[in-house]
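Read the structure below first, then the notes.
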Amino acid sequence: MTRVAVPETGAAVHGAQCVWNPDNDGAAMLRMKSTCERCSASLGLTDRAFICSFENTFCPQCAEQLEHRCPSCQAELVQRPARTRSPTEVPDQGFKAKLEKLLV
């Protein structure tokens with residue numbers, strides 16, 4: 001993970017980490033960071049937030065002040081998708097899912 005100093009604030013911005021989920025066919029998923037990397041505002045799973053391609057995460061107010069450009073990589077900041085549940089929660093395994101698993 002890389003660490004870059006943000007010139008405007010002096011705060012450290014941490015590079016993104018993809019999280020591998022073995023239950024998701026080996027696909028990586030977004031790491032939903034819980035705070036803005038510029039002002040440390042709290043960001044929940046369903047809160048509006050902005051990310052760059054390295055998943056540096058900013059609150060709407062900081063993204064606006066930064067003109068939707070990441071201070072670390074200069075990439076565009078886009079709205080982060082909302083997540084309705086934590087990736088550590090286990091979804092209910094209904095009859096259909098159990099049957100499909102047995103037949104595969």
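Looking only at the range 71-89, decide whether some residue is out of contact with any Cys (no Cβ under 9 Å at 6 or more places or on another chain), at pLDDT 75 or above and surrounded by 14 or more Cβ atoms within 10 Å (Cβ to Cβ). Checked against the condition, which is being out of contact with any Cys (no Cβ under 9 Å at 6 or more places or on another chain), at pLDDT 75 or above and surrounded by 14 or more Cβ atoms within 10 Å (Cβ to Cβ), the range 71-89 yields at least one hit. A Cβ distance below 8 Å, combined with a sequence gap of six or more or placement on separate chains, defines the contacts here; from the range 68-87, residues that are within 16 Å of R38 (Cα to Cα) reach residues that are loosely packed, with under 15 Cβ neighbours inside 10 Å and polar (S, T, N, Q) in the pairs C73/S53; A75/S53. May I ask you to list the residues in the range 35-54 that are small (G, A, S) and surrounded by fewer than 14 Cβ atoms within 10 Å (Cβ to Cβ)? Residues satisfying the conditions are S40, S42, G44, S53.
The values are calculated or read from the model by the stated rules, or taken from the named source; none is laboratory data. Treat the numbers as computed from the prediction; the structure is a model and nothing was measured. Backbone-built Cβ (ideal geometry, glycine too); neighbour counts: all protein chains shown.
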